[in-house]
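Comments concern the structure below.
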Amino acid sequence: MPKTYLFLLLLAGSCPAFAQSGAPLTASLDNVRLTVALTASGQPTYAVAYRQKPVVNPSRLGLQFVDGHGFDGPLVLTGSEVKNVDDAWQPVWGEVKSIRNRYQQLTVHLRQPAAPGRRLDVVFRVFADGVGFRYEFPKQPGLQYFTVADELTEFALPGDHKAFWIPGDYDTNEYPYTVSRLSEVDNAPLVKASTAIAVRDAPDPQAVQTPLMLKSADGLYVNIHEAAQVDYPAMQLHVDRASHRLTARLVPDAVGTKAYLRAPGRTPWRTLIVSDRAPDILASKLILNLNEPAAFATTDWIKPMKFVGVWWEMQVGKSTWSYANSADTLTAAGQLVPHGRHGANTANVKRYIDFAAKHGIAGVLVEGWNVGWEDWFGNWKEGVFDFVTPYPDFNVQEISQYAAGKGVKMIMHNETSGAATNYEQHLDTAFRFMNRYGYPAVKTGYVGRIVPRGEHHDGQWMSNHYVRVAETAARHHVMVDMHEPVRPTGLGRTYPNWLASEAGRGNEYNAFSDGNAPAHETILPFTRLMGGPMDYTPGIFKLRNYAAGAPQRQVHTTLAKQLALYVTLYSPLQMAADLPENYEQHLDAFRFIQDVPVDWDDTRILEAEPGEYVTIARQQKGSASWFVGAITNENRRTATLRLSFLPKGRRYRATLYTDAPNADWRTNPEAYRISTQTVQAGTTLRLALAPGGGAALSLVPMN
Ligand code: NOJ
Ligand code: CA
């Protein structure tokens, strides 16, 4: 596509009269229209409409500084520019092979009317499916280093929308979603009852996290989030229950302020994605488009993959991360005899490597391999891990040679227990260790309270830390999957080795808590995944009686739904989370996990409704094969699948992994059927999904 840059000057020079009576500035693309104006008292506001319907009514813009001279008082407009961009780019990995980036940009130049006369730009980009905007601080004599006390950005919603939200906790996003009207948002009981293992700190009972998914009474879908959260805290939203006005709340730092910035500089983009069709929200590339291109040129070492791991067995209490603990015995001679339940022992790791090699799964993750797990979290310590010292029963040399001999990649695990400073001190040694033993990827973790003490997982300091880790990993050619970080904002475009994050309530909650409701996975694509891939750890096959000492626990899905999640929850690093012995019981169903790719040329959101159902078809990268995942919430449902995305005139062999007629996540979750049939572009399939159920399909061309 040829690049077309049309530069159009709307207003130039100083225009003080605008503050009183000037015509508003506008920008629009297709059905989306943005209006920017100054109020009579000189406050900048913006409003967004979609097909003439208000998405946000005139809403405040601005920032408060600690020095008292921020952009919260009256401002004057000194000029503005509009430009149009329409180009395309190719992601290193992703849901589609090429992404169109088409927008109209409006830059608004503002100035304080009185001394110190500081200048602020607000840059808006209007896309066909929404708007992004950010504050930019141009280089100027009166503004060098400054501290943000608060951001005043508002989203004045025109109605009491239905909202899919999690509480505005500064340290964890591992919450189930609440579906309620905005007027009903109340955090406090949720935060109190949370089983999240990070510290809970949510002082505002009416604040929610983003991505926030909203639906208006007349069927407008609106998603509010941000893009490119770099060197700035996460934005949460305070909900005014009476007026439905949302106000930015930045996660504070250890001394109670929000962000240390300097000019020239800028904030992350604030994003609004809007459509009258729910599938358009999932198909949006607005957030990725607002991120910077890859920060480094050579990316051929980045290889999306599936992996198994010495992991679920610890989650369900079958083995332990720690080598030694209170179940050990001491001999009369003072010798420690470990309890024998340490998961990451050489023989057990080899068993996973054998399974991966036999079934064509590329990677093996091992947790609990290094010294420190005896006392790993809870006491807000400086850090107990050095990331390079294996337990005596984990022979790293032998294991890496064994894996290499079988063509299997090892995945490193670096749990920091929240001690980020300790991790930074060891980063280079940790990555050199991975290079030495041939680990191409690392899963990091931040369970517990953050050190530096007083910092939060979602504050500015930690947001810089995650980027430092991704950058350092890139220098060492290591791919990263972060657990317990701030929720993503599309930075996987800029750091394509940052393949995945957890940053949400994963499948693991089914192991150690009451778990995730059947609707959970139908909400995640509209919320957590709007910012980037999620390491949800799907693929549990033994859905009941897996948790030691807790027979009542069960995964809240059927087995077929676990398969469908490989398509509906996109991640270029995707785990097959269950134990090899549980997969051995159902190798016919495991076949789908073997076949399903983690990198795609094309994606079609066939049907979707947050909280209800999601059906997605994706085309394998570099292949004509397609894969489909369909999931439902607790309600039984028939998914109607028109295969119009297939190329005309070509016959496909479809393998259907579906719920058995009597399947039900509560009573009969492991009942599935596998069938095959010949299909083509004109075929319509009706898939019966059980309560909490799903269906997974592979479609392979026949000639
Ligand atoms: C929480 C992570 O989400 C989980 O995957 C990991 O096993 C534990 N922390 C231990 O690091
Ligand atoms: Ca976690």
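FYI, it's all coordinate maths here, none of it is from the lab. Being a predicted model, the structure only gives us computed values, none of them experimental. All Cβ positions, glycine included, derive from the backbone under ideal geometry; neighbour counts span all protein chains shown.
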Kindly list the residues of segment 166-189 that lie in the label zone of Glu634, defined by a backbone N under 16 Å from the point 7 Å along the Cα-to-C-beta vector. 176-180
Only Cα pairs under 8 Å and at least 6 apart count here; give the relative contact order of segment 481-587 as a rounded whole percent. 28
Please grab the % of Cα pairs in the chain that end up more than 34 Å from each other. 46
Contour minus Cα-Cα span, Gln144 to Arg651, at 0.36 nm per residue, comes to 176.1 nm
Between Lys83 and Gln401, what is the label-point separation in nm under the 7 Å Cα-to-beta-carbon projection? 5.8
Taking a cut-off of 18 Å between Cα atoms, list the lysines near Lys358, but don't count ones fewer than 8 places away on the same chain. Lys306, Lys350, Lys406, Lys409
I'd like the distance between the alpha-carbon centres of segment 52-67 and segment 646-686, rounded to an integer number of Å. 48
Around His586, what is the net charge, scoring Lys/Arg as +1 and Asp/Glu as -1 over all other residues with Cβ under 10 Å from its Cβ? -2
Given a cut-off of under 8 Å on Cα pairs at least six residues apart, what relative contact order in percent is computed for segment 580-703? 28
In terms of the alpha carbon gyration tensor, root eigenvalues a ≥ b ≥ c, rounded if a/c is under 1.5 and otherwise prolate when a/b exceeds b/c or oblate, segment 618-703 is prolate
Of the options Pro392, Gly418, Phe526, report the single residue whose Cα projects farthest towards the positive end of the charge dipole of segment 383-533 (beta-carbon charges: Lys, Arg +1; Asp, Glu -1). Phe526
May I ask you to compute the full-extension gain from Ser675 to Thr429, defined as 0.36 nm times their residue separation minus their alpha-carbon distance, rounded to one decimal in nm? 83.5 nm
Lysines with Cα under 30 Å of Lys381, excluding same-chain neighbours fewer than 8 positions away: Lys192, Lys258, Lys318, Lys443
Cα-based reach from Lys53 at 18 Å (exclusive), listing lysines while leaving out same-chain residues under 8 positions away: Lys162, Lys215
Over segment 444-516, what is the relative contact order in whole percent, taking alpha-carbon pairs under 8 Å and six or more residues apart? 27
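Grab the DSSP H runs of the chain that are 4 residues or longer, score each as -39,500 (n - 2.57), total them, divide by all residues and round the 222 nm result to the nearest 500 deg cm²/dmol.
-4500 deg cm²/dmol
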In nm, give the distance between the simple-model label positions of Val255 and Gln90, each being 7 Å from the Cα along the Cα-to-Cβ direction. 4.9
